[in-house]
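Inspection log for the structure reproduced underneath, given as structure tokens.
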Amino acid sequence: GGYRLARYALHSSRFDLRSANDVTVEGNQYVSREEVLNALGLPVSGASSGGVNTFRVSLDAMRKRVESIAWVRSATLARAYPHRLVVRIVERDPIAFVNVGGAVKLVDADGVLLEKPEKGTFAFPVIGGLDAAGNASDRRARLAIFQSFMSQMSEVAASSGWLVSEVDLADADDVKAVLVQGRDTLLVHFGHQSFAERFRDFL
């Protein structure tokens, strides 16, 4: 009975994944459904020429293909009876804009560069100096300093009228920020710690 059941599950067309309608995508805000389907090798619309049995596909291999999409931080895939596939996505959280070779992109805390999505409005400072980081670990360390800087600045800068326009991370021991208020633009050196206290001194 077990043999017959397994053979039925592996060979019956009832369990074939045939079209985009058989795939449910959850958790995506900036990653389009079409990008996910393309990563899975499925047509965006209509049915594929040959169905793929859901019990024969490797969910781990499919997960890795979905996670190859830049905006996808992680993904989980699950089979749903009888022939459906559920893809749950956790997207990356951008923390700033970054100037890369004259092109402005978004960057997350891991240092992953992201193209600005069509749907989405962001109000971040522009980071400079990341190219001075020698490796991925160094970039993450500098971005951690940036996050600490912005966290402390948000506590004291909101009521001051000064906005952080650009942040230079080229020197990890001296965070430099361009502050803007009306027509006034100033470059301020903040060092590498006690950013809120230094901002109060600046005020």
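The values are calculated or read from the model by the stated rules, or taken from the named source; none is laboratory data. This is a predicted model, so every value here is computed, not measured. Side chains included, ligands, DNA and RNA excluded: accessible areas come from the protein's heavy atoms. Shrake-Rupley method; radii C 1.70, N 1.55, O 1.52, S 1.80 Å.
Structure data summary
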| item | result |
| --- | --- |
| Largest to smallest accessible area among His83, His189 [probe 1.4 Å] | His189, His83 |
| The range 137-203: mean projected area of Cα convex hull, nm² | 4.1 |
| Interchain or long-range residues, amide H under 5 Å from Arg73's placed H | Val90, Glu91, Arg92 |
| Glu155, Glu67, Glu197, Glu35, ranked by accessible area, largest first (probe 1.4 Å) | Glu155, Glu197, Glu35, Glu67 |
| Reachable lysines, given that their alpha-carbon falls under 26 Å from the alpha-carbon of Lys64 and they are not under 8 places away in the same chain | Lys105, Lys116, Lys119 |
| nm² value of the averaged projected area, convex hull over the Cα atoms of the range 78-180 | 9.5 |
| Relative contact order [Cα under 8 Å, 6+ residues apart], the range 95-203, whole percent | 20 |
| Extension gain (nm, one decimal) between Leu203 and Arg88, 0.36 nm per residue minus Cα-Cα | 36.7 nm |
